[in-house]
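Novice: Here it is, the structure, as structure tokens.
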Amino acid sequence: AASMSVVEHVREMAAAGLHSNVRLLSGLLLTMSSNNPELFSPSQKYQLLVYHADSLFHDKEYRNAVSKYTMALQQKKALSKTSKVRPSTGNAASTPQSQCLPSEIEVKYKMAECYTMLKQDKDAIAILDGIPSRQRTPKINMMLANLYKKAGQERSSVTSYKEVLRQCPLALDAILGLLSLSVKGAEVASMTMNVIQSIPNLDWLSVWIKAYAFVHTGDNTRAINTICSLEKKSLLRDNVDLLGSLADLYFRAGDNKNSILKFEQAQMLDPYLIKGMDVYGYLLAREGRLEDVENLGCRLFNISDQHAEPWVVSGCHSFYSKRYSRALYLGAKAIQLNSNSVQALLLKGAALRNMGRVQEAIIHFREAIRLAPCRLDCYEGLIECYLASNSIREAMVMANNVYKTLGANAQTLTLLATVCLEDPVTQEKAKTLLDKALTQRPDYIKAVVKKAELLSREQKYEDGIALLRNALANQSDCVLHRILGDFLVAVNEYQEAMDQYSIALSLDPNDQKSLEGMQKMEKEESPTDATQEEDVDDMEGSGEEGDLEGSDSEAAQWADQEQWFGMQ
């Protein structure tokens, strides 16, 4: 057999995964080639450029890789021109060799990957769009679909996802992509029907599709029921993805207790779980379990610091410790790692809002809404911004929209009521909305808190006490215990108020307002003066705005980093 050419040696090493070796040798050979253009044939130059670019890609030097891939494609053009003109020169070995040439389609795919890593999505779309649709492989269609979706080109995205399913009918992420673009569940299921019927033990798939169709239309209750029915099937019991989806749905439905339980279950099954842990960390932080949040953050950083989740969890810890500039920096870092991280956008938005940078915060909440149109907390964040900047009218428009698009449930009713409470004209309407919400879900904490706020304004303390005791009958919540304490003070039940404040502080040792309530009582052993009334009125007012204690010293420390982490 004829001895191998040097280019074939390079190809062998590339195939063997010896990237650093390929990089050195191909670099030297390319220099020889530019010093003596006759040394290698066009096809050999093409191969050398591709193998060199691949090794750069492997070293994460994406810009350099793109430039080498571009040169390779130019070589390929020259190559196809010459090969049409003259037959190969007598050398028999040249025919099998042409079959070994790296595929041009693969080169374009790699270029698109480089562009996405460089956050140049437009260029990535352009290069893949240039491939005729007949020649697009499933991974090219999948990448295109994701890029189109991100760019808001929904029709093109749907077409590409469908193409993936035509080629690979069990591409479940493509199915989720279609459902997220509001393609009907039935239509999606019909595209996989043949496979489902022809393979044993896949009968659950149509139910799975139905479940995620409910998820993407925002029908949380039915989504939860459908996933629970799948989870009970013995073959799918203890599936981490299903548990994670369940946890997320409970969270969206405002059922934080069940959400935390499901996250804990998922975590026990898979100690390396990252997905959804940002929501889990946020829930723990909201409950005041800051030590748990810190431990979770450390564990996640150990698993991977290349994902947004550990940064978000760490940011939640900072945020709930009132260190807003640090939370802002960590949120920005998370967005840099994953621009689709809704939780990171919400964290950064909330930090900006609490630092008084409301207009910037609004941009982040709007982007979160674009990415997760069914998530109520994205709208809540935006509405809080409007209220913080006294744009009650805009808040009202937004709340009414949410109410129309997501339907009338306890959560949307409460959100609308929250806005109505801000306007003296709509107090009665707020009352009606809250009563409706509480009829649907008597234990919905946000509704109970807002109703208590109303009763406190009307000084109906006895009604408030009854409402709160009822809500606390089968759940324990720091804020509810604290407000009950405030109400008891108002009716001079000091001993019991003290007990409620202690329970609140045992649930969340960092709850500033409970501490204040206690200290106030200790200060005035016989508090009969009029000042008492006003404090109760202001029960839920301030404090949420975020006093910047302890964050100014840090502000300087993070300020120089912040400019690097603006939203692009």
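Novice: Once every Cα of the chain carries one equal point scatterer and solvent is ignored, give the base-10 log of I(q)/I(0) from the Debye formula at q = 0.05, 0.06, 0.11, 0.12 Å⁻¹, two decimals.
Specialist: -0.30, -0.42, -1.11, -1.25
Novice: Tell me, what is the 1.4 Å probe accessible area of Met521, in Å² to the nearest 10?
Specialist: 20 Å²
Novice: Determine the dipole magnitude for the stretch 431-476: charges of +1 sit on the beta-carbon of Lys and Arg, -1 on that of Asp and Glu, nothing else is charged, the reference point is the Cα centre, and the result goes in debye to the nearest 20.
Specialist: On the way: 9 positive and 6 negative charges, 34 e Å.
Computed charge dipole of the stretch 431-476: roughly 160 debye.
Novice: Still on this model: Would you work out which of Asn220, Leu284, Ile303 lies farthest towards the positive end of the dipole of the stretch 206-341, given +1 charges on the beta-carbon of Lys and Arg and -1 on that of Asp and Glu, about the Cα centre?
Specialist: Positive-most Cα among the choices belongs to Asn220.
Novice: Consider all pairwise Cα distances in the stretch 330-387 and report the whole-number % of them above 17 Å. Working shown, then result.
Specialist: On the way: 432 of 1653 pairs.
Taking all Cα-Cα pairs of the stretch 330-387, the fraction more than 17 Å apart is 26 percent.
Novice: OK, next. Step through the table entries Lys119/Lys262; Lys322/Lys429; Lys60/Lys150; Lys150/Lys513; Lys108/Lys275; Lys233/Lys450, compare each Cα-Cα distance with 32 Å, and write down the pairs that go over it. Walk me through the intermediate numbers first.
Specialist: Numbers: Lys119/Lys262 35 Å; Lys322/Lys429 34 Å; Lys60/Lys150 23 Å; Lys150/Lys513 42 Å; Lys108/Lys275 30 Å; Lys233/Lys450 40 Å.
Violating the 32 Å Cα-Cα cut-off are Lys119/Lys262; Lys322/Lys429; Lys150/Lys513; Lys233/Lys450.
Novice: A further question follows. Along the charge dipole of the stretch 274-372, which of Ile363, Ala332, Ile274 sits closest to the positive end, that is, farthest toward it, with unit charges on the beta carbon of Lys, Arg, Asp and Glu (+1, +1, -1, -1)?
Specialist: Ile363
Novice: At 0.36 nm per residue, minus the direct Cα-Cα distance, what do Arg155 and Glu462 gain on full extension? Give it in nm, one decimal, please.
Specialist: My answer for the length gained is 104.8 nm.
Novice: Could you order peptides 203-210, 280-287 by the average number of other Cβ atoms within 10 Å of their residues, highest first?
Specialist: For the peptides 203-210, 280-287, the packing ranking is 280-287, 203-210.
Novice: How large, in percent, is the carbon and sulfur part of the accessible surface of the stretch 274-372 at a probe radius of 1.4 Å?
Specialist: With neighbouring chains kept in place, the figure for the stretch 274-372 is 45 percent.
Novice: Here's something else I'd like to know. So if I place +1 on the C-beta of Lys and Arg and -1 on the C-beta of Asp and Glu, and nothing else carries charge, what would the dipole magnitude of the stretch 304-390 be about its Cα centre? I want it in debye, nearest 20. Mind dumping the intermediate values first?
Specialist: On the way: 10 positive and 7 negative charges, 45 e Å.
My answer is approximately 220 debye.
Novice: Taking the Cα centre of the chain as origin and charging only Cβ (+1 Lys, Arg; -1 Asp, Glu), how large is the dipole, in debye to the nearest 20?
Specialist: Using only the charged Cβ atoms, the result is roughly 4320 debye.
Novice: Where the accessible area of the stretch 459-523 is counted over protein heavy atoms with a 1.4 Å probe, how much of it, in %, is carbon and sulfur?
Specialist: Within the stretch 459-523, the accessible surface is 47 percent carbon and sulfur.
Novice: Still on this structure, please answer the following. Calculate, for the stretch 274-372, the solvent-accessible area per residue in square angstrom, rolling a 1.4 angstrom probe over the heavy atoms of the protein chains.
Specialist: About 37 Å² of surface per residue is accessible.
Novice: Still on this structure, I have one more. To the nearest 500 deg cm²/dmol, what mean residue ellipticity at 222 nm is calculated for the chain from DSSP H runs of n ≥ 4 alone, each contributing -39,500 (n - 2.57), summed and divided by the residues?
Specialist: On the way: 32 runs with 414 residues, N = 568.
For the chain, the value works out to -23000 deg cm²/dmol.
Novice: Here is a further query. With a point put 7 Å past each Cα toward its Cβ, work out how far Ser190 is from Tyr272 in nm, to one decimal.
Specialist: Inter-label distance under the simple model: 4.1 nm.
Novice: Here's something else I'd like to know. Which order, highest average first, do 507-520, 240-253, 124-137 follow once you tally other Cβ atoms within 10 Å for each residue and take the mean per peptide?
Specialist: Highest-to-lowest ranking by the protection proxy: 240-253, 507-520, 124-137.
Novice: Okay, moving on. Could you work out the equivalent-ellipsoid semi-axes for the stretch 459-523, taking the square root of 5 times each eigenvalue of the Cα gyration tensor, largest first, in whole Å?
Specialist: Value: 17, 15, 8 Å, ordered largest first.
Novice: Could you give me the ³J(HN,Hα) list for the stretch 338-349, computed from phi with Karplus coefficients 6.51, -1.76, 1.60 and θ = phi - 60°, whole Hz, x at Gly and Pro?
Specialist: Going residue by residue, I get 8, 5, 9, 6, 4, 4, 5, 4, 5, 4, 5, x Hz, with x marking Gly and Pro.
Novice: Let me ask something additional. Rounded if a/c is under 1.5, else prolate if a/b beats b/c, else oblate: with a ≥ b ≥ c from the C-alpha gyration tensor eigenvalues square-rooted, which is the stretch 274-372?
Specialist: Oblate, because a/c is 1.5 or more while a/b does not exceed b/c.
The values are calculated or read from the model by the stated rules, or taken from the named source; none is laboratory data. What you see is a predicted model; the values in this text were computed from it and never measured. In this analysis, Cβ positions are derived from the backbone assuming ideal geometry, glycine residues included, and neighbour counts consider all displayed protein chains. Ligands, DNA and RNA are excluded from the accessible area calculation, which covers all protein heavy atoms including side chains. Shrake-Rupley method; radii C 1.70, N 1.55, O 1.52, S 1.80 Å.
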